Amino acid sequence: VHMDDYDTAYRATEYLLQRGLRKPVMVSGNLRIGLFRQRIQGYLDALANFGIAEAERLVISAEGNAHQLYEKARNMLEEHGDIDALFASSDPQAICVMRAIKDTGRSIPKDVSVISIDDIPMSEMTDPALTTMSQPLYEIGRMAAKQLINRIEAGDKAASYEEICLKSKLCIRGS
């Protein structure tokens, strides 16, 4: 039981592009982890479908600590002054890049919009509040528990696991 990471990233990028933003940068986690590869592919496919040139597709690797991510984001913002949006693979990453945006003298969302994936409680407390794709965590847990109970009750006839892929929900806030 999991969230559809490709679809979530595609829809997050699509949200930015539908608002007229044309230079969104993605902040990605470790590419050795499948969900981050799926998220990058969703981002890239949305850009391609909106006609964004390959040369304009920028990705920041979030590997390392928060300070390293902040420095990478700040450097990218200074090097590419036309960046108008940042899409982070997680809310904690987004919080780091929001600081970098502000420290380069830009305003959120006036100069640079931000969207991420998670919807952790802190995302509502950032300034401005973070627009995010909410993971259906309760539903993931409920469905996984149901599958586990079914498997236990099946005993020797162990029921097979069913792959269930759930959609995220867009939570539009101030960023």
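Over all other residues within a Cβ to Cβ distance under 10 Å of residue 5, the charged ones net out to 0, with Lys and Arg as +1 and Asp and Glu as -1. Between residue 65 and residue 124, the contour length at 0.36 nm per residue exceeds the Cα-Cα span by 19.0 nm. Taking 0.36 nm per residue of separation and subtracting the current Cα-Cα distance, fully stretching the chain between residue 79 and residue 110 would add 9.3 nm. Scanning the chain for chymotrypsin sites (Phe, Trp or Tyr not before Pro) that sit in a DSSP loop and have at most 15 other Cβ atoms within 10 Å, the longest stretch containing none of them is 51-160. Think of a 1.4 Å ball rolled over the protein heavy atoms: the chain then has 52 Å² of accessible area per residue. Dividing the summed helix terms, -39500 (n - 2.57) for each DSSP H run of n ≥ 4, by the number of residues in the chain produces a 222 nm estimate of -14000 deg cm²/dmol to the nearest 500. Based on the Stokes-Einstein relation at 20 °C and a viscosity of 1.002 mPa s, and on the Kirkwood radius from alpha carbon pairs, the chain is assigned a translational diffusion coefficient of 127 µm²/s. Straight Cα distances below 12 angstrom link residue 110 to the aspartates and glutamates 84, with same-chain residues fewer than 8 positions distant left out.
The modelled label-to-label distance for the pair residue 41/residue 99, using points 7 Å beyond Cα in the direction of Cβ, is 3.3 nm. Taking GluC sites (Glu not before Pro) as exposed when DSSP calls them loop and at most 16 other C-beta atoms lie within 10 angstrom, the chain has its longest site-free stretch at 64-161. Multiplying the residue separation of residue 144 and residue 165 by 0.36 nm and removing their Cα-Cα distance gives an extension gain of 6.4 nm. Summarise the accessible area of the chain (1.4 Å probe, protein heavy atoms) by the percent that is carbon and sulfur. That share works out to 52 percent. Estimated translational diffusion coefficient (Stokes-Einstein, Kirkwood radius over Cα pairs, 37 °C, 0.692 mPa s) of region 40-134: 241 µm² per second.
The values are calculated or read from the model by the stated rules, or taken from the named source; none is laboratory data. Quick caveat, the model's predicted, so the values are computed rather than measured. FYI the Cβ positions are ideal-geometry reconstructions off the backbone, even for glycines, and counts take in every protein chain you see. For accessibility, only protein heavy atoms count, side chains too; no ligands or nucleic acids. Shrake-Rupley method; radii C 1.70, N 1.55, O 1.52, S 1.80 Å.
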